[in-house]
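The values are calculated or read from the model by the stated rules, or taken from the named source; none is laboratory data. Quick caveat: nothing in here was measured; it's all calculated off a predicted structure. Note: ideal-geometry Cβ built from the backbone for every residue, glycine included; neighbour counts use all protein chains shown.
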Amino acid sequence: MCCHVTHVTLNYIKKINSFLMHRMLMTAAMLFVQTSTYAAAQTADDSAANYSKAHVRLDGYNLFYVRGITSYPAEKRANEISGRIELIAKNSSISPDSIKVIQTKDYDEIVIGGFSIIRVLDADAQIEGVNREIYALGVKLRIAKAIYAYRYERSYDSLIKNLLYSLAAIIICLLLLGVFRFILKRFNSFLEARLKPKFDTIESKSFQLLRPNQIWTTISGFIRVLKLTLILLILFFTFQYVLGLFPWTRTIAASLLELFVKPFGDFGIALINFIPNLAFLVVIFFITKYVLKLIKLLFHGLGQGSITVSGFDPDWSPTSYKIVRLLLIVFAVIIAYPYIPGSDTAAFKGVSLFLGILFSLGSTSVIGNLIAGYTMPYRKTYKVGNIVEIENHIGQVVEIKLFVTRMRTIKNEEIIIPNSIVLNSKVINYSTFAPDKGLILHTTVGIGYETSWRLVESMLKLAAERTEGVLKDPQPFVLQKSLGDFAVTYEINVYTQDPLNRLKTYTALHQNILDVFNENNIQIMTPAYEGDPDQPKVVPKEKWFITSAKKTND
């Protein structure tokens, strides 16, 4: 059995060698004839160049081109010819040496055993720029070679050899992956040991523009991308090689190569052409990035007070930075726009126009809130933590965004107010002067005319003195608001530095006022008038100059 297989293999090899020698001689003849007929080919019918053409294939190999016409496309004609060649190759009783060329006036027909394979036309020969006879002879030789190769690749010896090659390729692939992983691991450890400690000095020298963890993350990411790319390339070429060894999977290998390599090739060509624009975009990106970092440092210093500019409030720093950042980014985009790939295409312009229309139709209120959000810090309306009153809502400001302001009331209710409303509304800020000058809390009482005003003021000040959260300095003061029909209206004014707990302070003040007036038997809010009293409601003369309220709780 082994001797038989070896004998068959040797016969195949002898036939292929004989075929190759014959092919070399015919190629030399074709070159000679082609040189002599080149001028005639130049004057051939140029309309043939407009015909479609397609490859005749067998086992994934391109054999030769054929022409087609509208009613009989080249792809259909090539597929039919490929099918005939494959049928002949499968029939081992037909010898490729029996292929003949029959010449006629209009075409050269290639036949084998009375079976027509292809009719070679003048239009087919014009693809190579030679006459029809030479092209038909070349087609005959390629068909014979393809049949020999088809049968040999399906022989027992060829399959065993290709299986061994496949196994060897897989083993080499695994070894390469292991060695590659080991090398990259050692290389990563080397970089981490040698370069990472040096990154700490870069941060101080760059004024914290470059941070060690950012640099190392970038390098590690690049190494990971490189590792993944090389692993995928090794696996791809291994599978492509293994699939290409066998005739049944060679078409898959060719399509796989075309599927992955062609896009990368097109991308590579486009990338090479794009390199000047890419370099410009990269420069714009890094200039913008580091200018933004410098601007951020500047406004951070202004906000912290380490950098002072006459007339510039430190509270303006965050908003001013956002405005300058937005303007700088818009300016950078305007400069970079013409260099962006596809920016001059109709599709890109159409999408930009569509987005612009959507933005214009739906952004009226959005733009109003955005402008209000940017301008409010310059109005010094309020800041986070302040107690404010907006649209009859009183609460503590917990968050200021570009579009809305969030407040929390004393009852833990969240109120969200659009900034455009804030911009057009009256805002009362209870926290602006409280830390330095104090917030004045006030309340009124109505006391009858029979009580000395000096005594009333003394009692009100005593109630204020007892109230927790009220400042001793500045001292509380009393105003006589009005002389009513039945009572005098007194207003007690006290200072506090805690506007957040103003309602608690009011409650304690009211409680102390009630206690003090009850202790002194003084009625608050004289009842409405119903008739003249028996005695006039006047202060007795002996009580005109009483200025001290009782401080006992009796």
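Any residue in the stretch 294-308 that's closer than 9 Å to V324 by Cβ and free of Cβ contacts under 8 Å to residues at least 40 places away in the same chain: show its pairings with residues that are surrounded by 14 or more Cβ atoms within 10 Å (Cβ to Cβ) and of a type in the set (F, W, Y) at Cβ separation under 6 Å, as long as the two are six or more apart or on different chains.
Listed by first residue and then by second, the contacts come to F299/Y321.
Across the stretch 77-98, what is the number of residues that are in contact (Cβ under 8 Å) with a residue 40 or more places away in the chain and among the small types (G, A, S)?
Final tally of qualifying residues: 2.
Is it the case that some residue within the stretch 433-441 is at pLDDT 90 or above, surrounded by fewer than 13 Cβ atoms within 10 Å (Cβ to Cβ) and not basic (K, R)?
no
When the residues of the stretch 59-73 are filtered to those that are in contact with a Phe, Trp or Tyr (Cβ under 7 Å, 6 or more places away or on another chain) and not in a strand (DSSP E or B), which remaining residue is surrounded by the most Cβ atoms within 10 Å (Cβ to Cβ)?
D59
Would you tally the residues in the stretch 302-340 being among the small types (G, A, S), surrounded by 15 or more Cβ atoms within 10 Å (Cβ to Cβ) and either over 19 Å from K383 (Cα atoms) or under 28 Å from the mean Cα position of the chain (by Cα) (or both)?
So the answer is 4.
Pairs only if they're at least six apart or on different chains, beta carbon under 9 angstrom, first in the stretch 382-400 and closer than 13 Å to I415 by Cβ, second surrounded by fewer than 19 Cβ atoms within 10 Å (Cβ to Cβ) and hydroxyl-bearing (S, T, Y); list them, first residue then second.
Within 9 Å, the pairs are I390/S425; E391/S425; H393/T409; I394/T409; G395/T409; Q396/T409.
Mind counting the residues in the stretch 487-508 that are surrounded by fewer than 19 Cβ atoms within 10 Å (Cβ to Cβ), more than 16 Å from K472 (Cα to Cα) and among the aliphatic types (A, V, I, L, M)?
3
Given the stretch 318-429, what helices (runs of 4 or more DSSP H) lie entirely inside it while holding 1 or more residues that are at pLDDT below 75?
Because the criterion is at least 1 residues that are at pLDDT below 75, the helices (runs of 4 or more DSSP H) in the stretch 318-429 that meet it are 346-362, 364-379.
Any idea which of (1) charged (D, E, K, R); (2) under 23 Å from T229 (Cβ atoms); (3) at pLDDT 80 or above is the one K262 doesn't satisfy?
(3)
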